[in-house]
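To start, the structure under review is shown below, and the notes come after it.
The values are calculated or read from the model by the stated rules, or taken from the named source; none is laboratory data. Just so it is clear, the model here is predicted, and its values are computed rather than measured. As a convention, Cβ positions derive from the backbone with ideal geometry for all residues, glycine included, and neighbour counts pool all protein chains shown. What goes into the accessible areas is simple: the full protein's heavy atoms, side chains included, and nothing from ligands, DNA or RNA. Shrake-Rupley method; radii C 1.70, N 1.55, O 1.52, S 1.80 Å.
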Amino acid sequence: MPMEPALFARILSLAVLCAAIPASAGPVMITPDERLDHPWMMQCGEWDGWNKPGPSFQIFDNTYYVGTCGISSILITGDDGHILIDTGTEKGADLVKANIEQLGFKLGDIKVILHSHEHHDHVGGMAKMKEWTGAKVLASTSARKVLETGNVGPDDPQFGVHPDLAPVTVDEEVWSGKDIVVGNLKVEAIATPGHTPGAMSWTWASCHASVCADIMYADSLSPVSADGYKFGDHPEYLNQYKLALERLAARDCNLLITPHPSASNMFYRMKRVRGLLGEEMCTGYARAIERRLDARLKHETEEASE
């Protein structure tokens, strides 16, 4: 997905703080000075490279950030196996692998691999990760076509922009409302097409002591496209896009993560906000994207009338 730092910074003001939590503690209060010494912040910048190595860290309880500086990969650990969401690029998958192992988890304990959206920066390493882990790859119907052929199709707003990726066999299809269960883990699938036709978001609950987090890994959902593409020319797709935003806005999440850390201002939040949990994060994120989409549609209309 093309980076849009200025636009993201102006609009996506409601997001999440993702910081390290000691294994023996719940969501702790960390002072700004302590936060500046966080290894991830020391190594990564606010808008950073897709394949730049970044240290893994604990987000909340059994949820870990194992991605690069610029691309998220999320590991959810359980007693009977783990779930991995996104693998980064083909090159980035090597870094994700190293981060998982650095945390002390075994690749063979990953039982399921999920995706956000079907672009090479997020699923380019899927074939590698499947080979390393032996895990099942689950995907939406539209994303399955891309993952198994390695080609982004013409129904994608960014058709022609993204390079091909190494094909990977999809073991099962997923749909909105489906629960992915691995032992004591349960992750709910939420279809959020818009940025791509097959985009998915994922939500799960995690509790530590008396504190619980309703975690949402929300897809990018940004209205970015190849030159010449107009969302207004695709009313059925646009309707699905708007329904996806409403679906996300209705979720009462209090910890938000996104495929690009910059999309949820992770660096900024780690530096300036105390505590991990917030209020109405999904609603705020969805409404911010909705405003971007409205602005995009207005621009398309104005451009057409010139």
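Pairs are defined by a Cβ separation below 7 Å, a sequence spacing of at least 6 or placement on different chains, a first member in segment 289-306 that is β-branched (Val, Ile, Thr), and a second member that is outside any helix (DSSP H, G or I); the pairs so defined are ILE289/LEU221; ILE289/SER222.
Does LYS186 fit the bill of being surrounded by fewer than 23 Cβ atoms within 10 Å (Cβ to Cβ), more than 22 Å from GLN240 (Cβ to Cβ), at pLDDT 95 or above and within 18 Å of the chain's Cα centre (by Cα)? Explain how you work it out, then say what you get.
On the way: surrounded by fewer than 23 Cβ atoms within 10 Å (Cβ to Cβ): yes; more than 22 Å from GLN240 (Cβ to Cβ): yes; at pLDDT 95 or above: yes; within 18 Å of the chain's Cα centre (by Cα): yes.
For LYS186, the condition - surrounded by fewer than 23 Cβ atoms within 10 Å (Cβ to Cβ), more than 22 Å from GLN240 (Cβ to Cβ), at pLDDT 95 or above and within 18 Å of the chain's Cα centre (by Cα) - is met.
Within segment 152-193, the set of residues being of a type in the set (Val, Ile, Thr), part of a loop (DSSP other than H, G, I, E, B) and within 25 Å of ALA205 (Cβ to Cβ) comprises VAL174, THR192. Please enumerate the residues belonging to segment 80-93 that are open to solvent by 20 Å² or more (accessible area, probe 1.4 Å) and more than 24 Å from ILE190 (Cα to Cα). GLU90, LYS91, listed by residue number. A Cβ distance below 6 Å, combined with a sequence gap of six or more or placement on separate chains, defines the contacts here; from segment 142-167, residues that are free of Cβ contacts under 8 Å to residues at least 24 places away in the same chain reach residues that are in a loop (DSSP other than H, G, I, E, B) and among the acidic types (Asp, Glu) in the pairs GLY150/ASP164; ASN151/ASP164.
Report those helices (runs of 4 or more DSSP H) wholly inside segment 207-306 carrying at least 2 residues which are at pLDDT below 90 and within 24 Å of ILE76 (Cβ to Cβ). Lay out the reasoning, then the answer.
Numbers: elements: 235-249, 266-272, 281-305.
Answer list for segment 207-306: 266-272.
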